[in-house]
Amino acid sequence: MTPLARKAGKIFLALLVLFVLVTGVLYFVQERLIFQGKQLPADFAFTFNQPFREVSIHTPDHIKLDGLLFPGEGASRGLILYFHGNRDNLQRWGKYAEDFTSLGYSVLMVDYRGYGKSTGEPSEGKLYEDAEIVLSWAQDSLKFEKLVIYGRSLGSAVASHLASVYPPDLLILETPFDDISGTVLPPFRYLLSQLPPRYQFSNKNALRQVKCKKVIIHGTNDWVVPLSSAERLRPLLGPSDSFVIIPDGGHGNLRNFPQYHELLKSLLQ
């Protein structure tokens, strides 16, 4: 073997070791990468520029889910059940309620386990179970004729799963992925797929079972969830469904574009 070949072999081996090491780290720290909630003290006082009330929803395994209910403006058009992204807590996410309350919809948002003032530890299965509990609470405690389930980023998988079990009038997914591996860079995605799955958060699987109207909203400049990941959901949409792409839209700024608000008006009025 020539010196050049030996050097090339060493470089290849070093890159392979690095590749496996990084993939292993990604595999074993998935919880920290996926669930990035910030906890809040029990006496924390939320502040928003619109009316709201705080609600507590209790689960059979003695977990308290903290939620915020924002009443719609004027005559009630229905309820938006909103499942937020993987970071922070309701103090951040509550501000988005005004996009819907201004259209006459009440909005119910609930922090996942371990987020904000919600107790417990998050997991994929528990997020799905809790979503069903939240919907049951809303059906027992609130009056509404139209139900819209809205999921953003990580919340899109929770919303899709819930809609597959309890069909709403409308399902809206903002910046969704096909499944959680769709947010990982392609080289590492392949190697992770060879390992035992820990989390799926699969919109792809859930949407196959969803019978209501579905709308997907995504931007072309999303560096967290690539548009290509959302595009893999397009074949699961029916003739009455919509896939809306907002040019130059990123992962967290779609509401800064007039097209986003025009779309909400057309869907919800």
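Between GLN269 and ARG53, what's the calculated FRET efficiency when r is the beta-carbon distance and R0 is 30 Å? Round to 0.05. Spell out each step's value before the answer.
Working: r = 25 Å, r/R0 = 0.84.
It comes out at approximately 0.75.
Pulled fully out, how much extra length does the chain show between SER102 and GLN259, if you take 0.36 nm times their separation in residues and subtract their Cα-Cα distance?
Details: separation 157, 0.36 × 157 = 56.52 nm, distance 1.62 nm.
That works out to 54.9 nm of additional length.
Set the Förster distance to 35 Å, then compute FRET efficiency between SER136 and LYS95 from the Cβ-Cβ distance, nearest 0.05.
So the FRET efficiency works out to roughly 0.85.
Could you check the simple spin-label distance between ARG232 and GLN200, using points 7 Å along Cα→Cβ, in nm with one decimal?
Output for this residue pair reads 1.3 nm.
For each of ILE172, ILE57, count neighbouring Cβ atoms within 10 Å of the residue's Cβ, then give the residues from fewest to most. List each step's numbers first, then the result.
Numbers: ILE172 27, ILE57 19.
Lowest to highest Cβ neighbour count: ILE57, ILE172.
Once you sort the root eigenvalues of the Cα gyration tensor of the range 120-262 as a ≥ b ≥ c, which label holds: rounded (a/c under 1.5), prolate (a/b larger than b/c) or oblate (the other case)? Could the numbers behind the result be given before it?
Numbers: a/c = 1.74, a/b = 1.16, b/c = 1.50.
Note, shape of the range 120-262 comes out oblate.
For the range 88-148 and the range 192-269, what is the centre-to-centre distance using only Cα atoms, to the nearest Å?
Taking the Cα centre of each part, the range 88-148 and the range 192-269 sit 19 Å apart.
Can you bin the range 66-189 into rounded, prolate or oblate? Criterion: square roots of the alpha carbon gyration tensor eigenvalues sorted a ≥ b ≥ c, rounded for a/c under 1.5, prolate for a/b above b/c, oblate for the rest. Each step should come with its number before you reach the end.
On the way: a/c = 1.68, a/b = 1.56, b/c = 1.07.
Cα axes put the range 66-189 in the prolate bin.
With a 10 Å Cβ neighbour count serving as the proxy for reagent exposure, in which order, fewest first, do ILE149, ILE245 appear? Can you show the working numbers first?
Values: ILE149 28, ILE245 14.
By the 10 Å Cβ count, ascending, the order reads ILE245, ILE149.
Show which lysines lie in cross-link reach of LYS213 when reach means a straight Cα distance below 21 angstrom and same-chain residues fewer than eight apart are skipped.
List returned: LYS146, LYS204, LYS265.
Need the list of lysines near LYS117 for cross-linking: C-alpha distance under 19 angstrom, and skip anything on the same chain fewer than eight residues off.
Filter leaves LYS38, LYS64, LYS95, LYS126.
Listing TRP223, TRP93, TRP137 from the residue with the fewest other Cβ atoms within 10 Å to the one with the most, what is the order? Write out the running numbers ahead of the final one.
On the way: TRP223 8, TRP93 22, TRP137 19.
The most exposed by this proxy come first: TRP223, TRP137, TRP93.
Once you have the Cα-Cα distance between GLN36 and PHE243, take 0.36 nm times their residue separation minus that, and quote the gain in nm to one decimal. Before the final figure, lay out each step's value.
Numbers: separation 207, 0.36 × 207 = 74.52 nm, distance 2.80 nm.
Full-extension gain reported as 71.7 nm.
Taking the Cα atoms of the range 26-81, what is the range of coordinates along each of the three principal axes, in descending order and whole Å?
In descending order, the Cα extents are 49, 27, 24 Å.
The numbers here are math on the coordinates, done by the rules we state, and not lab data. The structure displayed is predicted, hence computed values, not measured ones. Here Cβ is always computed from backbone atoms with ideal geometry, including for glycine, and neighbour counts include all displayed protein chains.
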